Each structure stands twice: as C-alpha cells, then as structure tokens.
Amino acid sequence: MDDRTAHLRYTRSMAGGSVVLITGSTDGIGKQAATDLARAGHHVVVHGRNRPRVDAAAAAVRAAAPEASVDGLSFDLGSLAAVRTGAAAIAQRFPTLAVLVNNAGIFATERVVTEDGVEATLAVNYLGHFLLTELLRPQLRAAGGGLVVHVSSVAHTRGRLHLDDLTMASAWTGYAAYAQSKLAQVMHVLDLANLAGDEGLRALAVHPGVIDTKLLRQGFGPVRGASLATGARALTQLVTGELVPASGSYLADGVVVAPTAVASDVATRIRLREWSLATAGLPA
C-alpha cells in the first residue's frame, strides 16, 4: 500500500475524532499534545507509570477541553510484563486505535538494569514501546492502518548501537544510553515503514526541538528550551493531517530531514529487531 492510499484511509479513520494513545502524557510534551488533540475532538488516552498522576493529568485535560472524551491508563514501560498487561487492557477497551504516540522517555543519572535484564533507558525509551507497538498492531490495522509516532531526538545522530553490549556494562554514561535509545527508536520507525506498510500502517519519528521539559532539566542541566506548545506542535499536526510526510520519515522541528546514516544500515536494523523480538518474547 502506498503512502497516499494509507493516508487517505487514515484520514477517513480520524473523521469525527478517533482514539489516540500518548505514552508519558502526565506532563511535558505528552500532556500538551493530549490537551491539544482533545480540544481538536479526538478521544485521548493519557498514559503514565503512576495511577494518581494519570488521573490528575486526565482531569486537567478534561478541564481544558470540557467536551472531550478522555481516558487514563497506567503501566510501567520499563517492565515487559507490565507492557503486556497494559496492551491487553488497551485492546479490550479500544478495538480500534488510530494513533499511538510513543512519547514516554527517561534520561537516567545512574546505570540500572531492569528485571528483564535490559538497561533502563533502552527499556523505557525503546523496548517497552517496541513491544507495545507490536502488540497493538491489530488495533491499528482495525483503524484503517493507523499511525505510530516515536518522539525521538537529534541525540540519535550521536548514538551508537552497542549490539554486543546493549546493557552498556562497559561503556555507560547517561547521554550515551539516551542517544542509543533514540537511535533505536528511529530504526524501529524505518523497520515499521518497511515491514508493516502493507497493513496501511504509517510510522514516523519526530525530534520536537529543545523543549522546556523535566527531561531536559534532568539530563542537560539549566538549559532554556522552547515552550511545550512548540514541542507538541508537530505531533498534533501529524495526528490531524496538517503534516503528511512519507512513512519512515524523521522530522526535526516539523521538517523532514535525513536521520543519521547508521539508522539506514539494514544489517544493523535486522540485528536490533532480532534482539528486540527475542528479548520481548515475540516470534521472529
């Protein structure tokens, strides 16, 4: 299926507002995008790790968009078991899912390995989203193809995929782990565009800019960033169809640009996908 046909199907599925799940939407860019899309008439599902924070964020979105339909869901993207439980709950409540925005992310200040044996930054930013996306592909297909957006970063251009040591036992720094996870996200988008295009699925990666978020302050110190509204703009434009780039595109500040050459290396992407499927317990 070509991009034009997929986009037409997607546009029809969004008529009247359809279900949009945004991970990590209890604050920052995710919460701003949830608010903007709720105001635009979409059924927004707010996600976070902490249930009280999810409830508070969902209430804030409803207050900002009183006519909107808003749900909340909590599970930990750093746990593969929790992701499976969360995906099952989503599938039960929403037979169709028009958009999955993989926005949740962390910038770690110390090296932590999860219960699944995965370095925490890679687990939350990439592998949890990889599994969630794979498990929700039937719901995305049911929506006429669906759209998957990874909120990545320009940091992916400085990333190196440590395929022989993905837990980074010998090379860990907070930035190196973050950059690796963002590179893996871009690779996932390119794979989805190639492997799931016949399903009508469109996949995109977005660098929202240097935005004034908690992650920016935690990871990069007292850096001044642009507003949350600026950071959420490209996400809302992609969901509403104001921006219609080809599937597999990487956007920086709303403009399609080439990702780092490493992301386009097919052999490296195959190795990453094989590791991801095996670690997540999915069939090859």
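When residues of region 258-274 are filtered for being over 24 Å from Val206 (Cβ atoms) and in contact with a Leu (Cβ under 9 Å, 6 or more places away or on another chain), how many remain?
Total meeting the criteria: 1.
Can we say Val206 is within 22 Å of Tyr250 (Cα to Cα) and open to solvent by 20 Å² or more (accessible area, probe 1.4 Å)?
no
Could you please find all residues in region 82-102 being farther than 17 Å from His150 by Cβ and either loosely packed, with under 15 Cβ neighbours inside 10 Å or among the β-branched types (Val, Ile, Thr) (or both)? Don't jump to the end; show me each part of the working.
Going through region 82-102, the residues farther than 17 Å from His150 by Cβ turn out to be 82, 84-86, 88-96.
Within region 82-102, Thr85, Ala88, Ala89, Ile90, Gln92, Arg93, Pro95, Thr96 meet the criteria.
Being open to solvent by 10 Å² or more (accessible area, probe 1.4 Å) and under 24 Å from Ala232 (Cα atoms) is the filter here, so list the residues in region 105-125 that pass it. Steps first, please.
Initially, region 105-125 is screened for residues open to solvent by 10 Å² or more (accessible area, probe 1.4 Å), giving 105-117, 120, 124.
Within region 105-125, Gly105, Ile106, Phe107, Ala108, Val124 meet the criteria.
Just to verify a result, which residue in region 173-186, among those that are in contact with a His (Cβ under 9 Å, 6 or more places away or on another chain) and aliphatic (A, V, I, L, M), is most open to solvent (accessible area, probe 1.4 Å)? Spell out how you get there, then give the answer.
Restricting attention to region 173-186, the residues satisfying the condition of being in contact with a His (Cβ under 9 Å, 6 or more places away or on another chain) are 176, 179-186.
Imposing the further condition that a residue be aliphatic (A, V, I, L, M) reduces the set to 176, 179, 183-184, 186.
Numbers: Ala176: 29, Ala179: 1, Leu183: 0, Ala184: 0, Val186: 4 Å².
Going through the qualifying residues, I end up with Ala176.
Say whether the condition of being surrounded by fewer than 16 Cβ atoms within 10 Å (Cβ to Cβ), modelled with pLDDT of 95 or more and not hydrophobic (A, V, I, L, M, F, W, C) is met by at least one residue in region 58-69.
no
Give me the helices (runs of 4 or more DSSP H) completely within region 110-224, filtered to those with at least 1 residues that are modelled with pLDDT of 95 or more and of a type in the set (Gly, Ala, Ser), ordered by residue number.
Values: elements: 128-135, 137-142, 174-195, 214-220.
It comes to 128-135, 174-195.
Mind checking which residues of region 130-142 are open to solvent by less than 10 Å² (accessible area, probe 1.4 Å) and out of contact with any His (no Cβ under 7 Å at 6 or more places or on another chain)? Give the derivation first.
Just the residues of region 130-142 that are open to solvent by less than 10 Å² (accessible area, probe 1.4 Å), to begin with: 130-133, 136, 140.
Leu131, Leu132, Thr133, Leu136, Leu140 - these are the residues of region 130-142 that are open to solvent by less than 10 Å² (accessible area, probe 1.4 Å) and out of contact with any His (no Cβ under 7 Å at 6 or more places or on another chain).
With Ala6, Ala15 as the choices, which residue is modelled with pLDDT under 60 and farther than 19 Å from Ala196 by Cβ? Please lay out each step first, then the result.
On the way: Ala6 fails: farther than 19 Å from Ala196 by Cβ.
Going through Ala6, Ala15 in turn, the sole match is Ala15.
The values are calculated or read from the model by the stated rules, or taken from the named source; none is laboratory data. Quick caveat, the model's predicted, so the values are computed rather than measured. Reconstructed Cβ throughout: ideal geometry from the backbone, glycine too, with neighbour counts over all protein chains shown. Note: accessible area is taken over every heavy atom of the protein model, side chains too, but ligands, DNA and RNA are not part of it. Shrake-Rupley method; radii C 1.70, N 1.55, O 1.52, S 1.80 Å.
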